[in-house]
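The values are calculated or read from the model by the stated rules, or taken from the named source; none is laboratory data. On a predicted model such as this, the values are computed, not experimentally measured, just so you know. Every residue, glycine among them, receives a Cβ derived from its backbone with ideal geometry; neighbour counts consider all protein chains shown.
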Amino acid sequence: MPHRKPSSGLVGAGLLIVDKDGGMTSHDVVSKCRKLLNTRKIGHAGTLDPMATGVLVLGVERATKMLGLLALTTKAYSATVRLGQAMSTDDAEGELLAETDARNLTDEQIAAVIVTLTGDIEQVPASVSAIKVDGQRAYKLHRDGEDVQLDARPVTVHRFDVLARRDVEGGLVDLDVDVECTSGTYIRALARDLGAALGVGGHLTVLRRTRVGPFTLEHARTLAELADKPAVSLDIDAAAVTAFEHRTIDDAEALALSQGKWLDPIGMKGVYATIDPAGRAIALVEERGKRASSVMVVRPATLGP
């Protein structure tokens, strides 16, 4: 039997954009995708709460090395905020802490508080977040009955728009909202703070992530759709062009990068992709001083096809 070169990890490699179902953890999604794509080499770029649905970005095979380099700094959500109830988890899955009739709130009052929650703000994350406290996740400490106190952190809310208002049974008010924000912003904390500032309490009942960086629901497939056609959403070349600014290089430059060498800089900022004449991603590079050096070689010369 002829000797076979080791796989480069490029076969089937790319980014998988999943439209996550509610009730699943991000790890649940990764586990199911590993079975569907028949590979262990799958990781996720950030998590999504179990109650939330929508865009979750996964890397498959060699593209897992891209995940830490992706500029997924801006995210967008559609959500429903319920005013009139404060919950222990700031969402519908927690215990009811207090209930106040919110029907007398005017749209103008609500809009005035939303203005204060837009732009550069200091936000205390939800106590059930994944932030680590003394080496343990806050949500685990909360589940164990501990009083979790998290420090406020700077975030930016680019957009916080109310699309619709519904007065519902029990003196509650539901607001359908769209939010665009930086990574690290907690939408449930926005709901909590909106309700607290209005004096009636608030929490999140629906959360759907519609965009992460350049990846939207248009790129995404549900697990059921993935089961019918198990494949990545973007192969590694399309992923590089979609997720990063890119620079076209010639064959000689491509060979140099594949061998671990560097190129002359051209003044591009941040991590960007280098694309050869055949449209293949060769490496992700970053310019420092007089060098454009690889931070990830997509196609090393040492690996087989």
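Exactly one residue out of Leu15, Leu56, Leu36, Leu48 is part of a loop (DSSP other than H, G, I, E, B) and either of a type in the set (Val, Ile, Thr) or closer than 26 Å to Ile236 by Cβ (or both): that is Leu48.
The single condition among (1) surrounded by 17 or more Cβ atoms within 10 Å (Cβ to Cβ); (2) at pLDDT below 95 that Leu257 does not satisfy is (2).
Among Gly68, Gly119, Gly94, Gly135, which is the only one that is modelled with pLDDT of 90 or more and of a type in the set (Gly, Ala, Ser)? Going through Gly68, Gly119, Gly94, Gly135 in turn, the sole match is Gly119. I'd like the residue in the range 163-200 that is part of a loop (DSSP other than H, G, I, E, B), more than 27 Å from the chain's Cα centre (by Cα) and not acidic (Asp, Glu) and, out of all such residues, is nearest to Glu122 (Cα to Cα). Going through the qualifying residues, I end up with Gly199.
Residues are listed down the side, and each one gets a yes or a no for (1) at negative phi; (2) in contact with a helix residue (DSSP H, G or I) (Cβ under 6 Å, 6 or more places away or on another chain); (3) among the hydrophobic types (A, V, I, L, M, F, W, C):
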{"position": "Leu10", "(1), (2), (3)": "yes, yes, yes"}
{"position": "Ser31", "(1), (2), (3)": "yes, no, no"}
{"position": "Leu37", "(1), (2), (3)": "yes, no, yes"}
{"position": "His44", "(1), (2), (3)": "yes, yes, no"}
{"position": "Gly54", "(1), (2), (3)": "no, no, no"}
{"position": "Val57", "(1), (2), (3)": "yes, no, yes"}
{"position": "Leu67", "(1), (2), (3)": "yes, no, yes"}
{"position": "Ala76", "(1), (2), (3)": "yes, no, yes"}
{"position": "Asp90", "(1), (2), (3)": "no, yes, no"}
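Filter the range 281-297 down to the residues that are outside any strand (DSSP E or B) and at pLDDT 95 or above and list them by number. Once the filter is applied, which keeps residues that are outside any strand (DSSP E or B) and at pLDDT 95 or above, the range 281-297 yields nothing. Contact map, the range 190-207: first residue touching a residue at least 24 places away in the same chain (Cβ under 8 Å) and buried (at least 20 other Cβ atoms within 10 Å of the Cβ), second residue of a type in the set (Val, Ile, Thr) and in a loop (DSSP other than H, G, I, E, B), Cβ cut-off under 7 Å, separation 6 or more or different chains; pairs are Val200/Thr100; Gly201/Thr100. Within the range 150-163, not a single residue is within 25 Å of Thr25 (Cβ to Cβ), among the small types (Gly, Ala, Ser) and at pLDDT below 95.
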